[in-house]
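Every number in this text was worked out from the coordinates using simple rules, so none of it is lab data. A quick note: this is a predicted structure, and the numbers were derived from the prediction, not measured. Glycine gets a Cβ as well: all are built from the backbone with ideal geometry, and neighbour counts include every protein chain shown.
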Amino acid sequence: MWDDEPRPKATLSIGMPLDTISAGELREMIETYQAEIARLEAEIAKKEQQKAAAANFFKTD
């Protein structure tokens, strides 16, 4: 590969060696994963609210 050719974007998988990935690429990956974590947490909160609403609806006194 020539120096002026763009490198393919690094992809990260759990446990992979990180020594060939630049600090900038690692920062980008962290930002991507933080955004994904926030999205997942929002979905969990939504599902928990739906579950609580359903439990309250079917609650027997």
inquiry  = I'm trying to understand the selection: among the residues of segment 19-61, which are charged (D, E, K, R), assigned to a helix (DSSP H, G or I) and over 18 Å from the mean Cα position of the chain (by Cα)?
reply    = 48, 51
task = Return the pairs, sorted by first residue and then second, in which the second residue is of a type in the set (Phe, Trp, Tyr) and exposed (fewer than 11 other Cβ atoms within 10 Å of the Cβ), the first residue lies in segment 25-41 and is without any contact (Cβ under 8 Å) to a residue 40 or more places away in the chain and under 16 Å from residue 13 (Cα atoms), the beta carbons are less than 8 Å apart, and the residues are 6+ apart or on different chains.
result = none
